[in-house]
Amino acid sequence: MAAAALPHARARKKCFILMETGSVTKTAERLVRTQPGVSRDLARLREELADPLFVRVRGTLEPTELARNLRGTVRQALEAVDQALEEGGGFRPSESTQVFKIGTTSAVELLLAPLLHRFLESAAPNAGAYFFPAYGDVTPVEDLETGAVDIAIGRFDHQARNITFFPLFEERRVCLVRRDHPLGDKRLELADLADMRFISTINMLGRDNDVDNMLKKHGLSKRKFPMYVSTLSLAPFAMQGSNAAITLPVRVARILADQFDLTMLELPEELPNRMYSIAWHARWDTSLSHRWFRDAVISMLR
């Protein structure tokens, strides 16, 4: 169903939020509207779409199959309407109240967040940015399609339909350890990596990266991970007084090394550099606000 064929924007918005909350009361509270108003718009949608849209299951409103199938279309329609309204007279960052959603790793977030916060504070003080966790080497196609994130940043393979990719920077990974680590002041060898103890983020639990694949290729044992943390910025605190190590892009490593008095060790030369890219859904190619935001991010990271 095309966006223009959907019922009016207010009813669509209430329906979409109702899908998330499962409650007319909570939907009304989020929209600062009355419950009867939400119920009237829901009745209008049911009549125009000839479907109940929601059924009550154990006290909660559950979406029907049609509502579930329309969810992505409804989200995209709402975003398109909001963007069109905001950009109708030309996009003005200083007046924008948009929230831009970024899917990326905690390492890239650590690098980008301070730069982006200062930029928005100056150029678009009423706008916002939300970061959401994503795997560094997997394009979050579904999140980009549904609008759960506006842009994604990572080491993507550029193979995804309707997704636009733009290269940002090529970077090598390094290893961070405490200042007086026994292996300090040397280029690490693969055998060293197999013997060391590492800390990583919880989204990497059970997943291999370039280092793990290289060890496997040379018949060495897998790395040891006695601890996983929720975000990379917590790892230096856990490393204090221990021989634990983390691997991460060199630009992020420099930030943490300066802040926490850590030593940066070079990884084996066999490990290749990786290209980081920004990705977005092709439907936003010509959006003024989206282009303004992604151009800003590109300039920060390049």
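Please treat every number below as a calculation from the coordinates, not as lab data. The structure displayed is predicted, hence computed values, not measured ones. Reconstructed Cβ throughout: ideal geometry from the backbone, glycine too, with neighbour counts over all protein chains shown.
The table that follows gives values for the structure above.
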{"read-out": "Residue that is surrounded by the fewest Cβ atoms within 10 Å (Cβ to Cβ), among those in segment 178-203 that are touching a residue at least 40 places away in the same chain (Cβ under 8 Å) and under 27 Å from the mean Cα position of the chain (by Cα)", "value": "ASN203"}
{"read-out": "Selection from segment 219-258 of residues that are exposed (fewer than 13 other Cβ atoms within 10 Å of the Cβ) and either in contact (Cβ under 8 Å) with a residue 40 or more places away in the chain or part of a loop (DSSP other than H, G, I, E, B) (or both)", "value": "GLY219, SER221, LYS222, SER230, GLN240, GLY241"}
{"read-out": "Residue within segment 191-206 that is among the basic types (Lys, Arg) and farther than 17 Å from VAL108 by Cβ present", "value": "yes"}
{"read-out": "Pairs with Cβ under 9 Å, 6+ apart, first in segment 133-150 and of a type in the set (A, V, I, L, M, F, W, C), second surrounded by fewer than 17 Cβ atoms within 10 Å (Cβ to Cβ) and in a helix (DSSP H, G or I)", "value": "ALA134/ASN203; ALA148/GLU142"}
{"read-out": "Subset of segment 185-198 [closer than 14 Å to LYS224 by Cα and out of contact with any Ser or Thr (no Cβ under 9 Å at 6 or more places or on another chain)]", "value": "LEU190, ALA191, ASP192, MET196"}
{"read-out": "Subset of segment 276-298 that is of a type in the set (Ser, Thr, Tyr) and touching a Leu at 6+ places or on another chain (Cβ under 7 Å) - its residue that is nearest to GLY90 (Cα to Cα)", "value": "SER277"}
{"read-out": "HIS281 vs. criteria under 25 Å from the mean Cα position of the chain (by Cα), under 21 Å from ASP137 (Cβ atoms) and crowded, with 17+ Cβ neighbours inside 10 Å", "value": "yes"}
{"read-out": "Filter pass, THR201 being within 25 Å of PRO272 (Cβ to Cβ) and of a type in the set (S, T, N, Q)", "value": "yes"}
